[in-house]
Amino acid sequence: MAFTAFSAQTSAAEPAAKRRSPIALFLLLPGILYLILFFVTPLISLVITSFQEPDPVRFGSFVNAFRWENYVIVLETYGEQSLRSAGFAALATLFALLIGFPLGYFIGITLRPYPLLQGLALVLVIAPFFISFLLRTLAWKQIFSDEGPIAGVLGALAILPPGQAITGTAFSVIFGLTYNFVPFMTLPIYATLASLDLRLLEAGNDLYGSPAVTFRTVTLPLSAAGVMSGTLLTFIPAAGDYINASREFLGSTDTTMIGNVIETNFLVLQNFPAAAALSLVLMAAILILVSLYVRRSGTEELL
Amino acid sequence: MRGFGKWAIWVYASMAFVFLLIPIVYTIVFSFNDARRTNILWRGFTFDNWLNVCDAQTVCQAFGNSILIGVVATVLATTLGTMIAIALVRYRFRFRNTTTLLIFLPMTTPEVVLGAGLAAQFLQVGVPKGLGTIIIAHTLFCLSFVVVTVRARVASIDPALEEAGRDLYGNPRQVFWRITFPMLLPGIVAAALLSFALSFDDFIITNFNRGAEVTFPSFVYTAAARGIPPEANVIASGVFFLAIALVLIAQLSAAARRRKLAATT
């Protein structure tokens, strides 16, 4: 065991072993071509589509143009939904962190003396991945529904005003987003805490640090990388999600997010330029946020 | 204070586990509901849904499509991704940073954007949507995850082992298939399982590129407005039990190996 761990370290820290070779080209070419064909050119397609204007002759189709007003129009029309997406995603990320950090700490540090329990706890965290995402979300919808147990109890306690539903509100959408992304937050935090040297915590204790001080000065900085990848893995998909906020699931017309708007414009209204412009706005916003965040945290190696 | 902290984290973690498991338990319980049409209210226990899953033909067909798409996309993504991962760790080449960026960008792109982009391209080129376009889309988003997973494994292999193979007059093909590949295999298997799981449960990208084809998640989405037949719960629960069994077997065999290793040293 010790031997493999040691060799892993040396090979990772030894880029000198890398060679130039035509084999590299053979290994890279198929995958890179695939990415160019099905990731880069679709993005170019989106850019082209986002500037199109309605065909003056054939109703419902679009011709290439340079109609940059499309961007102004979608931002004016859907500014509210865009801001709501950012707010919902940020809150869901925060709640996922409040649940995921203690959970990652529990599995990575508290359960470390019990490997079998640790393994089982990890299985429980990834268990939601194995059952359909949509069915899990629908399960919450039914639990929260007017006939469901939660509404009954809250109604009886007079916490929930009569006639007020739980589903279809900002609360239920943020709840659903939080639920869906907690594992994505927990796993990277667990991974960094699982390799944290427990002797460091003992040292903090020996130096008369209170548990709170040791936590703030030792545990927290050492788990920063996990927290960072966890927040990215939660925020990015949450900002673009349209399942939780859709009317058939946990949302209503009052909770529409940018993902819903893109979907409706593309697949229902067939207003492709609007959908394309919004997609690019979303992508640009996320890329800017991510690069700012990564630069601030100073761990650029992550990406 | 310390004692209280220890106690509190056990309670908090247990509550978090309950939170994670509630909808799973709900889905499984309602696969046994004697539901007839809509599976919303509990009407009594039955095994019928499990015994006659394919009575709801569309559910079964959608499930079959999802398996087919998942297998093909996994094979494609795992092959392409493993090749890239080996190249990234083992070789020097020009445009290295551009290549890395190209691989990681799809992971930071929201699914709606990936889906809408591909759909816009298929529309412009005039490709009809169907199983083929779904497979293309799934291979795309699985590819980056395969590269990340396998790359970690390649980085942990000591290059000296391959050098030893070459010193012993192994030709490149022998060195690859006898040394590199077997050592990479756990990483490749993990990447393939991840790909399949991602593909099987994907809805957003699929919905943009499926045309009239129905996958299991898209069936659930469409049926959500009218009520999900309990057969969908049966399939989801079956997949869940199978996956959990596989993971538990892997965990237990790893534990057994640890014990054996500890006994021999």
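In a loop (DSSP other than H, G, I, E, B) and in the same structural domain as A:Gly100 (by TED's automatic domain parsing): which single residue out of A:Gly176, A:Gly168, A:Gly152, A:Gly204 fits that description?
A:Gly168
Just to be sure, is A:Gly119 touching a residue at least 24 places away in the same chain (Cβ under 8 Å) and within 12 Å of chain B (Cβ to nearest Cβ)?
no
Working only within segment A:158-167, note down all residues that are surrounded by fewer than 20 Cβ atoms within 10 Å (Cβ to Cβ) and under 10 Å from A:Leu250 (Cβ atoms).
None - no residue of segment A:158-167 is surrounded by fewer than 20 Cβ atoms within 10 Å (Cβ to Cβ) and under 10 Å from A:Leu250 (Cβ atoms), so the list stays empty.
Of the numbered conditions (1) within 9 Å of chain A (Cβ to nearest Cβ); (2) at pLDDT 85 or above; (3) farther than 30 Å from A:Ala239 by Cβ, B:Val239 fails exactly one; give the number of that condition.
(3)
Among the residues of segment B:218-247, how many are part of a helix (DSSP H, G or I) and within 22 Å of B:Phe32 (Cβ to Cβ)?
20
Mind listing whichever residues of segment B:138-193 are outside any helix (DSSP H, G or I) and more than 30 Å from the chain's Cα centre (by Cα)?
Answer for segment B:138-193, where residues must be outside any helix (DSSP H, G or I) and more than 30 Å from the chain's Cα centre (by Cα): B:Leu168, B:Tyr169, B:Gly170, B:Asn171.
Quick test for you: out of A:Leu201, A:Leu160, A:Leu187, pick the one residue that is within 13 Å of chain B (Cβ to nearest Cβ) and under 30 Å from A:Ser132 (Cβ atoms).
Being within 13 Å of chain B (Cβ to nearest Cβ) and under 30 Å from A:Ser132 (Cβ atoms) holds for just one of A:Leu201, A:Leu160, A:Leu187, which is A:Leu187.
Report whether or not B:Glu231 is in contact (Cβ under 8 Å) with a residue 60 or more places away in the chain, under 22 Å from A:Ile243 (Cα atoms), more than 11 Å from chain A (Cβ to nearest Cβ) and in contact with a Lys or Arg (Cβ under 9 Å, 6 or more places away or on another chain).
It is false that B:Glu231 is in contact (Cβ under 8 Å) with a residue 60 or more places away in the chain, under 22 Å from A:Ile243 (Cα atoms), more than 11 Å from chain A (Cβ to nearest Cβ) and in contact with a Lys or Arg (Cβ under 9 Å, 6 or more places away or on another chain).
Which ones in segment B:239-265 are of a type in the set (Gly, Ala, Ser), without any contact (Cβ under 8 Å) to a residue 12 or more places away in the chain and surrounded by 11 or more Cβ atoms within 10 Å (Cβ to Cβ)?
Within segment B:239-265, B:Ala250, B:Ala254, B:Ala255 meet the criteria.
Which of the residues spanning segment B:180-199 are surrounded by 22 or more Cβ atoms within 10 Å (Cβ to Cβ) and over 12 Å from B:Phe141 (Cα atoms)?
Hits for segment B:180-199 are B:Ala191, B:Ala192.
Only helices (runs of 4 or more DSSP H) wholly contained in segment A:216-303 count here; list those with 1 or more residues that are crowded, with 24+ Cβ neighbours inside 10 Å, away from every other protein chain (no Cβ under 13 Å) and within 18 Å of the chain's Cα centre (by Cα).
The qualifying helices (runs of 4 or more DSSP H) are A:224-240.
Identify all residues within segment A:243-273 that are under 14 Å from A:Thr77 (Cα atoms), in contact with a Ser or Thr (Cβ under 8 Å, 6 or more places away or on another chain) and touching a residue at least 60 places away in the same chain (Cβ under 8 Å); write none if there are none.
Answer for segment A:243-273, where residues must be under 14 Å from A:Thr77 (Cα atoms), in contact with a Ser or Thr (Cβ under 8 Å, 6 or more places away or on another chain) and touching a residue at least 60 places away in the same chain (Cβ under 8 Å): A:Met257, A:Ile258, A:Asn260, A:Pro273.
Testing B:Ala224 on (1) modelled with pLDDT under 90; (2) small (Gly, Ala, Ser); (3) not assigned by TED's automatic domain parsing to the domain that holds B:Ile134, one condition comes back false. Which one is that?
With (1) modelled with pLDDT under 90; (2) small (Gly, Ala, Ser); (3) not assigned by TED's automatic domain parsing to the domain that holds B:Ile134 applied to B:Ala224, the lone miss is (3).
How many residues are more than 8 Å from chain B (Cβ to nearest Cβ), assigned to a helix (DSSP H, G or I) and in contact (Cβ under 8 Å) with a residue 12 or more places away in the chain if we restrict to segment A:16-71?
Looking only at that region, the number is 4.
Considering only residues that are of a type in the set (Ser, Thr, Tyr) and within 7 Å of another protein chain (Cβ to nearest Cβ), which ones fall in segment B:65-121?
Answer for segment B:65-121, where residues must be of a type in the set (Ser, Thr, Tyr) and within 7 Å of another protein chain (Cβ to nearest Cβ): B:Tyr91, B:Thr99, B:Thr108, B:Thr109.
When segment B:122-138 is examined, which residues are found to be within 7 Å of another protein chain (Cβ to nearest Cβ) and of a type outside the set (A, V, I, L, M, F, W, C)?
B:Gln124
From A:Ser45, A:Ser82, which residue is in contact with a Gly (Cβ under 8 Å, 6 or more places away or on another chain) and either outside the structural domain of A:Asn244 (by TED's automatic domain parsing) or surrounded by 15 or more Cβ atoms within 10 Å (Cβ to Cβ) (or both)?
A:Ser45
So which helices (runs of 4 or more DSSP H) stay within segment B:16-114 end to end and still have 3 or more residues that are surrounded by 20 or more Cβ atoms within 10 Å (Cβ to Cβ) and at pLDDT below 90?
B:57-90
The values are calculated or read from the model by the stated rules, or taken from the named source; none is laboratory data. Remember, predicted model here, so these are calculated numbers, not experimental data. For neighbour counting, all protein chains shown are included, and Cβ atoms are generated from backbone atoms with ideal geometry for every residue, glycine included.
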